[in-house]
Structure formats: C-alpha cells, structure tokens
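The values are calculated or read from the model by the stated rules, or taken from the named source; none is laboratory data. All values reported here derive from a predicted model rather than from experimental measurement. Reconstructed Cβ throughout: ideal geometry from the backbone, glycine too, with neighbour counts over all protein chains shown. Surface accessibility is based on the protein's heavy atoms, side chains included, excluding ligands, DNA and RNA. Shrake-Rupley method; radii C 1.70, N 1.55, O 1.52, S 1.80 Å.
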Amino acid sequence: MNVHRPTHQALKALAVAIVLACTGTAAAADADYAPVTDARLKAAGTDNGWLMYRRDYTSRGYAPFKTISTKNVANLKPAWDWKSPLDMGHEAPPIVNGDYLFVTTPKNHLIAFQASTGKQLWTYEHDLSNVGLKTICCDVVNRGVALYGDKVYMATLDNRVVALDAKTGKVAWNEQLNAPDVGYAMTLAPLVVKGKVIVGVSGGEYGARGFVEALDANTGKQVWKLHTIPLPGEPGGDTWPKGAAETGGGAAWLTGSYDADTDTLFWGVGNPGPWLATLRPGDNLYTDSVIAVNPADGKIKWHYQYTPNDTWDYDGTNETVLTDITYQGKKYKAIVSASRNGWFYAIDRTNGKLIYAEKFASATSVSGFKDGKPVTDPEMRPTVDKEVFTCPSFLGGKNWWPISVSPDTHMAYVPTLHTCMTMKGAAVSYKAGLPFLGETFLVKRDPAFPNHWGSVQAIDLNTGKQAWTFPSELPWNGGMLTTAGGLLFSGSADGYLYAFDAKTGKVLWKSPQMASGVLGVPSTWTVNGKQYVGVFAGWGGGVPIWGGEMAKDPKVRNIPLGGHLYVFSL
Ligand code: CA
C-alpha cells in the first residue's frame, strides 16, 4: 500500500496558507468597517446599510430595497434575535454599516452585533451610577446612535455625548454638555452633518431652557450652541413676558433633518414652560416650532410655529420630512410633519410658509388657520378656575414615533393616537430640577373613536387627506418604515411586526408573537444582497406613565415588558 506522506514542501505551503488565511481573516475584519464619510451620509438613502436614525437626511424612513416585496413578504422568517437585560421602553432602530449593527437600550447601553448573524461584538454600558434620573420625564430611553468616520456616537441621559471606536467599543471621547440634575437629559439619536455631531436636549417639563448643540465629531468640542428660547433683546425675545424666557422650556429632544441642497438643518422645538400659558402671554418663540438652521454656525434662518402660546404640551419636536409635493396644481419643495396638536402640516422648506394643514386626529385646541398661522380656541385654554376637555391629549395625535414617507405611493404613514384630555390650571413656581407644569390633566378616550386608542394612517401628500386607515384597539406607538418592495412595516403594542401593502393598507404579513409591545423604530439593510428587517420590542416610554385612562385600560396595562431585538429575512 502506498502511503502518501505530505512532503516537507507541502507542509510548508500548508503552514503558509494557514498563516495567510489567519492574517487574511483579520485583515478582512479590519477592512470590513468602511468609514462613514460625508459622501456616504449624503447618499445614505442608497447605502446597503442603514446609516442614520431615519436612514437619510430627508428623514423619510424609506429604503430602496425590494428583495422583500408585497409578493413574497408572507415568507418572512425570524433570522436572529437578542434578549436585552433591561425592561423599560426600547426605542432605537438598528443602525447598520456593512456587516456591523448598533443598537442602544434604556439606560444608555450600546451594543454592536454582526448584522447578518446577530453575533455580539462588543457592549458599552454608560456609567449612570452617580446620576439622579429623577428629571427624566418619560422613561430612561434612548433612540439610537449616529455614525461618522470610524466612530459611533450616543447622547446620554446625563447630558453627555460619547464617541466610541465602532469596531472595538473603546471610548474615543466623552463630553459633558450641561450640569446634570437641573432638568436636562438627552434621549435622541444624534445627527452628523459635515463633521459635526448635532444633538438637542430634553427637559421641557422642568423649565430647562432648551438648546441644540453641534460638537466636532473628532474631538467632541463645542462648535456652536443654539438656545431655542431667545432672551430679551434677541430676535423673538419680545414674545415672552419679562423673566420668563430663562425657564421657558423649548426642549429639542428629537433628531432633526437636513437639506443638502440649501444647506439647511430643520429641528423641532418643544413646549414652553410652565405648561400653563396664562403665566407667559405671547407667542413664546421658538417653542412648538420647526426652526431652519445654518449647520455651519447654528443661526436661525426662519421658523414656523405649529402651536402659538401652547398650554397643552403639544411640543413641536415631531420630525419634519423632506418631500416634494404638488398642491392645487403648484409644485413645492416641502417639509411635512404630523404635529402633536393633531394637524398634518406641509411647509415650504425654502421659506417657512405654510402650504396646507389638515387634521389627522380630532383637534379642538388648534381650531383653524388665518394668514398661514394657526389659531387656537380660547374656550379650550385651561385656567386655575377652568377645566377644559380638548383634543388631542398632550400625548398628541402622534407622539415621537416617526412617520415614513414613500416616494412610490407619495403617501405619509402616521402612527396615530386617538385621545383627548381634561386639563386645569394649578399653582406652580420654578424650582431647578423639579417639574414645572402648573396644570393637572387626565388622558381620556376620544369620543369620535370609542373603541380605538390608535391607528395606522396613510395620508396623500398632495392633499393632506387620509388615503387609508388601519384602526387598532391599542395605541399604535411604533415607528414607520417603507420600502421599494411596496411595503410598510410597523410594530404594534400587542407585540407583532406588521407588513402592510403601502398602497392599500392590506396586512400582508404579521411576525410571530414578540416578547413585548413595540415602541421601536424598524429599519432594513442588506448584507451580501440579502435583505433584513429589524425592530426592538420593549414596551415603556411615556404612555404607561402619563397615559391616564388609556394606561389604565387592562388591555394596555397588561402589555408585557421586556426588551428584545428581532431580525427577519426571507
Ligand atoms: Ca413636552
């Protein structure tokens, strides 16, 4: 019998091959993390991954992928999943670059996975042990990361922005924006524009004077800081009574959008403080507004105010989405926003003028429009002597859960809440770090929707009118995702990810039962041509804390808690 012994030469070749294979693998892993450049961010809409909070600067939440489509979505199956060690609201979308996926959980944990397999790569747990979390109004949530260069960025509950090496999780810088415990916190996903990490603060319920701040992406040093409430003598400062601006609120707690063509940043500004408006007569700029900002220096170009002299906590932070529309035969470069106050706005993004506003929920506080400006109903304004019943509730016709806009259907998809409220004025005085409201309130059913706390609505962008609706007994608090496959994805409070036919609203697929209700924002990406859809389940956020009669509804109260990330593919 002939035994073929490996020759010395063959063994040496094998050893070389093994060494090459090993270094090759290491080199491939290193090369795998493609730096996120300005050019890639500008073209993020066509990237294979999901590079920022709402996918691209338009904030449409729309992906051009069509491997998963209306024709085959019924075959969508679980690919991998990950159980979070935390309960509370899990709100972040998976952010994906190449085969790297990043999510955040409540309390600022940041976890990196292999996007295709779910293999855990590294975890960063932000140290909150020395921080009082009492001035965080609405659960200890986080809405995800931003990517730039070789770094990943997270804004934290203790008012820091942390930059980490995307491959290793090693901290590159960790910058404090404001002293903690006076009402400031951060829960939003940062937005990176031309080398600046841009964030905004929460704190509108504590009289914290809001701001948007830009940090140098490499060093974390402040580039500019834009206070959302002007002081006396500044433009808009005369819309406040003497001494009120310093505690005027105007938090900026959601991610903005960006128009590269006009180099303009759009950022939503929250409610004035205190909530009770009789204490601060005037329009109270720039609360409840969208501000158009020069990203180079943080200067305001124009603003549009959704709710003047807000007394209902309607905020104005809901995202603005860039889209072109044709209204009454005329073409516009628009931004659209489904405001907490129950009106769907289309605004000319070149000059801030109102194109149209249509109700998408029962809306009695803002009753109409005059010369492009909202008109509020004095009868719906509470005082210390007068209780009102008005719609929507302060939770809004829509809260922070982002809408999606599909260029294929030319519709906006709005996670809608059907609630009203009673509200009455109360005595209040400012004390740093304590709630600054001056009102009592209770969320109630909207009489127009006796059986439904929520719905998914499609709105025709050219008219502002409803195209279809999918009613839900439970509130609908999931973010929206649309794709070129003709699909709309969104998660429900009873723990399913739905795929709708974006054109008709027909349910084409429903995931297996997930561990908890969904507040999270779905995203989609491809690795080696294979398309994935991911979403966090994990009930929490503001609704269970502030939801009044809705939160007490046994169907809502019994929604199980527990964060869990699910990824699906064909
Ligand atoms: Ca608020």
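Where the accessible area of the range 407-485 is counted over protein heavy atoms with a 1.4 Å probe, how much of it, in %, is carbon and sulfur? Carbon and sulfur atoms account for 57 percent of the accessible area of the range 407-485. Per residue, what accessible area does the chain have, given a 1.4 Å probe and all protein chains present, in Å²? Here the residues of the chain average 37 Å² of exposed surface. Using the Karplus relation 6.51 cos²θ - 1.76 cosθ + 1.60 with θ = phi - 60°, the per-residue 3J(HN,Hα) values for the range 496-513 come to 10, 8, 9, 10, 9, 5, 4, 6, 10, x, 5, 6, 9, 6, 9, 5, x, 4 Hz, with x marking Gly and Pro.
Determine the sum of side-chain charges near E319: Lys and Arg each +1, Asp and Glu each -1, restricted to other residues whose C-beta is under 14 angstrom from that of E319.
Numbers: positive: R54, R55, R60, R143, R340, R349, K398; negative: D56, E91, D259, D315.
So the surrounding residues net to +3.
Applying the Kirkwood pairwise sum to the alpha-carbon positions of the range 100-256 produces a hydrodynamic radius of 16.2 angstrom. Secondary-structure-derived ellipticity at 222 nm for the chain, considering helices only, amounts to -2000 deg cm²/dmol, per-run term -39500 (n - 2.57) for DSSP H runs with n ≥ 4.
How high is the FRET efficiency from T469 to T46, r the C-beta distance, R0 35 Å, rounded to 0.05?
Working: r = 31 Å, r/R0 = 0.89.
Computed FRET efficiency for T469 and T46: 0.65.
For W122, the residues whose amide H sits under 5 Å from its own are A112, ignoring neighbours fewer than 5 places away on the same chain, with H placed 1.01 Å from N.
Note that the range 37-45 has calculated 3J(HN,Hα) couplings of 8, 4, 4, 5, 5, 5, 9, 4, x Hz, one per residue in order, obtained from phi through the Karplus relation 6.51 cos²θ - 1.76 cosθ + 1.60 (θ = phi - 60°); glycine and proline are x.
Summarising the label geometry, the points placed 7 Å from Cα in the beta-carbon direction at K506 and K66 lie 1.8 nm from one another. Close amide H contacts of W468 (hydrogens built in the peptide plane, cut-off under 5 Å, sequence separation of 5 or more or a different chain): A458.
Basic side chains Lys and Arg get +1 at the Cβ, acidic Asp and Glu get -1 at the Cβ, and with that the dipole of the chain about its Cα centre reaches some 1100 debye. Rg and Dmax over the alpha-carbon atoms of the chain stand at 24.0, 106 Å.
Give me the net charge for the shell around S129: Cβ to Cβ below 12 angstrom, other residues only, Lys and Arg +1, Asp and Glu -1.
Values: positive: K107; negative: E125, D127, D158.
My count for the surroundings of S129 gives -2.
Once both labels are positioned 7 Å from their Cα atoms along Cα-to-Cβ, the gap between N218 and T168 label points is 1.9 nm. Between A74 and W122, the modelled label-to-label distance comes to 4.5 nm, taking each label 7 Å out from Cα in the direction of the beta carbon.
Shown for the range 80-216: the carbon plus sulfur share of the solvent-accessible area, taken with all protein chains present and a 1.4 angstrom probe, equals 47%.
Relative to the longest principal axis of the Cα atoms of the chain, the long axis of helix 8-32 lies at roughly 10 degrees.
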